[in-house]
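Okay, so here's the structure we're looking at.
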Amino acid sequence: MDLIEQKVNYFGLQAFRHRNFSKEEIKKLGPLAKGTMYIKLANFPSYYLVLVIIEEDFRYALIAVKVLSDSMCGNMIMEDIRRLGIRRIRGEKRPPEVVIDPRAEDPRVGQKRKRDVAVHWRRTPYEGTTISFVA
(Lines give C-alpha, C1' and ligand atoms only; values in the text may rest on other atoms or scores of the structure.)
Protein backbone atom coordinates (compact mmCIF):
# COMPACT_ATOMS: atom_id res chain seq x y z
CA MET A 1 0.00 0.00 0.00
CA ASP A 2 2.84 2.38 0.76
CA LEU A 3 4.29 1.87 -2.72
CA ILE A 4 0.93 2.67 -4.32
CA GLU A 5 0.61 5.85 -2.26
CA GLN A 6 4.13 6.86 -3.21
CA LYS A 7 3.45 6.40 -6.93
CA VAL A 8 0.14 8.29 -6.73
CA ASN A 9 1.82 11.19 -4.92
CA TYR A 10 4.58 11.18 -7.54
CA PHE A 11 1.93 11.99 -10.17
CA GLY A 12 0.60 14.85 -8.04
CA LEU A 13 -2.62 13.12 -7.01
CA GLN A 14 -4.04 12.52 -3.55
CA ALA A 15 -4.44 8.98 -2.22
CA PHE A 16 -6.55 8.02 0.76
CA ARG A 17 -6.74 4.66 2.51
CA HIS A 18 -10.07 5.58 4.06
CA ARG A 19 -12.92 7.95 3.23
CA ASN A 20 -16.02 8.74 5.26
CA PHE A 21 -18.20 5.95 3.88
CA SER A 22 -20.56 3.86 5.94
CA LYS A 23 -20.08 0.09 6.01
CA GLU A 24 -23.07 -0.30 3.70
CA GLU A 25 -21.44 2.00 1.14
CA ILE A 26 -18.14 0.12 1.28
CA LYS A 27 -19.98 -3.17 0.67
CA LYS A 28 -20.97 -1.78 -2.75
CA LEU A 29 -17.36 -2.31 -3.87
CA GLY A 30 -17.77 -6.07 -3.52
CA PRO A 31 -17.89 -8.79 -0.91
CA LEU A 32 -14.27 -9.86 -1.48
CA ALA A 33 -12.76 -6.44 -0.66
CA LYS A 34 -10.03 -6.68 1.96
CA GLY A 35 -8.96 -3.05 1.65
CA THR A 36 -9.25 0.02 -0.54
CA MET A 37 -7.19 2.91 -1.84
CA TYR A 38 -9.06 6.00 -3.04
CA ILE A 39 -7.28 8.20 -5.58
CA LYS A 40 -8.90 11.60 -6.01
CA LEU A 41 -8.97 12.77 -9.63
CA ALA A 42 -7.55 16.30 -9.77
CA ASN A 43 -9.82 17.73 -12.48
CA PHE A 44 -12.94 15.99 -11.17
CA PRO A 45 -13.22 16.58 -7.40
CA SER A 46 -16.25 14.34 -6.89
CA TYR A 47 -14.65 11.32 -8.63
CA TYR A 48 -12.23 8.75 -7.29
CA LEU A 49 -10.34 5.89 -8.85
CA VAL A 50 -10.62 3.08 -6.32
CA LEU A 51 -8.20 0.19 -6.01
CA VAL A 52 -10.10 -2.62 -4.35
CA ILE A 53 -7.72 -5.09 -2.74
CA ILE A 54 -8.83 -8.70 -2.82
CA GLU A 55 -6.92 -11.90 -1.90
CA GLU A 56 -4.04 -11.77 -4.38
CA ASP A 57 -5.15 -9.16 -6.88
CA PHE A 58 -6.60 -5.69 -7.39
CA ARG A 59 -9.92 -4.68 -8.85
CA TYR A 60 -10.54 -1.17 -10.08
CA ALA A 61 -13.57 1.08 -10.00
CA LEU A 62 -14.44 4.66 -10.81
CA ILE A 63 -16.86 6.17 -8.32
CA ALA A 64 -18.77 9.44 -8.13
CA VAL A 65 -19.31 10.59 -4.57
CA LYS A 66 -21.55 13.04 -2.82
CA VAL A 67 -20.83 14.58 0.57
CA LEU A 68 -23.89 14.52 2.80
CA SER A 69 -24.60 18.08 3.89
CA ASP A 70 -26.52 17.05 7.01
CA SER A 71 -23.65 15.05 8.53
CA MET A 72 -21.21 16.65 10.96
CA CYS A 73 -18.26 14.49 9.83
CA GLY A 74 -18.69 14.98 6.09
CA ASN A 75 -19.97 11.47 5.42
CA MET A 76 -20.06 10.43 1.78
CA ILE A 77 -22.19 8.21 -0.40
CA MET A 78 -21.29 6.54 -3.68
CA GLU A 79 -23.69 7.92 -6.25
CA ASP A 80 -22.29 5.93 -9.15
CA ILE A 81 -19.90 2.98 -9.38
CA ARG A 82 -18.29 1.80 -12.61
CA ARG A 83 -16.11 -1.26 -12.46
CA LEU A 84 -13.10 -1.07 -14.74
CA GLY A 85 -11.92 -4.18 -16.59
CA ILE A 86 -8.18 -3.61 -16.83
CA ARG A 87 -7.65 -6.60 -19.13
CA ARG A 88 -10.21 -5.17 -21.54
CA ILE A 89 -8.68 -1.69 -21.35
CA ARG A 90 -5.22 -3.10 -22.05
CA GLY A 91 -6.63 -5.01 -24.99
CA GLU A 92 -5.87 -8.45 -23.57
CA LYS A 93 -8.12 -11.16 -24.87
CA ARG A 94 -9.12 -14.23 -22.99
CA PRO A 95 -8.22 -17.49 -24.69
CA PRO A 96 -11.20 -19.07 -26.45
CA GLU A 97 -12.97 -21.57 -24.29
CA VAL A 98 -13.48 -25.05 -25.66
CA VAL A 99 -16.06 -27.17 -23.93
CA ILE A 100 -15.87 -30.90 -24.41
CA ASP A 101 -18.76 -33.05 -23.31
CA PRO A 102 -17.27 -35.77 -21.08
CA ARG A 103 -19.90 -38.22 -22.33
CA ALA A 104 -18.80 -37.84 -25.94
CA GLU A 105 -16.68 -40.62 -27.43
CA ASP A 106 -15.02 -38.34 -30.00
CA PRO A 107 -12.63 -35.86 -28.25
CA ARG A 108 -13.18 -33.33 -31.04
CA VAL A 109 -16.83 -32.85 -30.08
CA GLY A 110 -17.40 -29.31 -28.89
CA GLN A 111 -14.27 -27.86 -30.50
CA LYS A 112 -14.36 -25.09 -33.03
CA ARG A 113 -14.34 -26.27 -36.62
CA LYS A 114 -11.91 -24.81 -39.12
CA ARG A 115 -13.54 -23.53 -42.26
CA ASP A 116 -11.94 -23.67 -45.66
CA VAL A 117 -11.49 -20.14 -46.92
CA ALA A 118 -10.72 -19.32 -50.53
CA VAL A 119 -9.00 -16.09 -51.48
CA HIS A 120 -10.04 -14.43 -54.70
CA TRP A 121 -8.01 -11.65 -56.28
CA ARG A 122 -9.61 -9.39 -58.79
CA ARG A 123 -8.64 -6.17 -60.41
CA THR A 124 -11.09 -3.32 -60.75
CA PRO A 125 -10.35 -0.37 -63.03
CA TYR A 126 -11.06 2.36 -60.45
CA GLU A 127 -10.12 0.92 -57.07
CA GLY A 128 -6.99 -1.09 -57.73
CA THR A 129 -6.63 -4.64 -56.46
CA THR A 130 -9.36 -6.03 -54.26
CA ILE A 131 -9.11 -9.12 -52.07
CA SER A 132 -12.24 -10.98 -51.13
CA PHE A 133 -12.55 -13.98 -48.87
CA VAL A 134 -15.11 -16.63 -49.61
CA ALA A 135 -15.97 -19.26 -47.04
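Rank these by accessible area, largest first, 1.4 Å probe: MET1, MET37, MET76.
Per-residue accessible area, sorted high to low, gives MET1, MET76, MET37.
For ASP70, ASP2, ASP80, give the ranking by accessible area with the largest first, probe 1.4 Å.
Per-residue accessible area, sorted high to low, gives ASP70, ASP2, ASP80.
Per residue, how large is the accessible surface of segment 20-64? Use a 1.4 angstrom probe and give square angstrom.
Ligands and nucleic acids excluded, the figure is 62 Å² per residue.
Between HIS18 and MET72, 0.36 nm times their residue separation minus their Cα-Cα distance comes to what?
Fully extending the segment from HIS18 to MET72 adds 17.7 nm.
With a cap of 14 neighbouring Cβ atoms within 10 Å, and only residues DSSP puts in a loop, list the chymotrypsin sites (Phe, Trp or Tyr not before Pro) found in segment 1-87.
Loop-located and lightly packed - PHE11.
Take GLU56, GLU24, GLU5, GLU92 and sort them by solvent-accessible surface of the protein heavy atoms, 1.4 Å probe, largest at the top.
GLU56, GLU24, GLU92, GLU5
Can you find, among VAL8, VAL65, GLY85, the residue farthest towards the positive end of the dipole of segment 1-98? Put +1 on the C-beta of Lys and Arg, -1 on that of Asp and Glu.
Checking the options against the dipole of segment 1-98, the answer is GLY85.
What is the distance, in nm, between label points placed 7 Å from the Cα along the Cα-to-Cβ direction at ILE26 and at ILE54?
1.8
Not counting ligands, DNA or RNA, and with a 1.4 Å probe, what is LEU3's accessible surface area in Å² rounded to the nearest 10?
Accessible area of LEU3: about 110 Å².
If amide hydrogens are placed 1.01 Å from N in the peptide plane, which non-local residues have theirs closer than 5 Å to the one on LEU68?
The list, which skips near neighbours in sequence, is ASN75, MET76, ILE77.
The values are calculated or read from the model by the stated rules, or taken from the named source; none is laboratory data. Just so you know, these numbers come straight off a predicted model, no measurement behind them. No Cβ is skipped: glycine too gets one built from the backbone with ideal geometry, and neighbour counts run over all protein chains shown. Heads up: the accessible areas ignore ligands, DNA and RNA and are worked out on the full protein's heavy atoms, side chains in. Shrake-Rupley method; radii C 1.70, N 1.55, O 1.52, S 1.80 Å.
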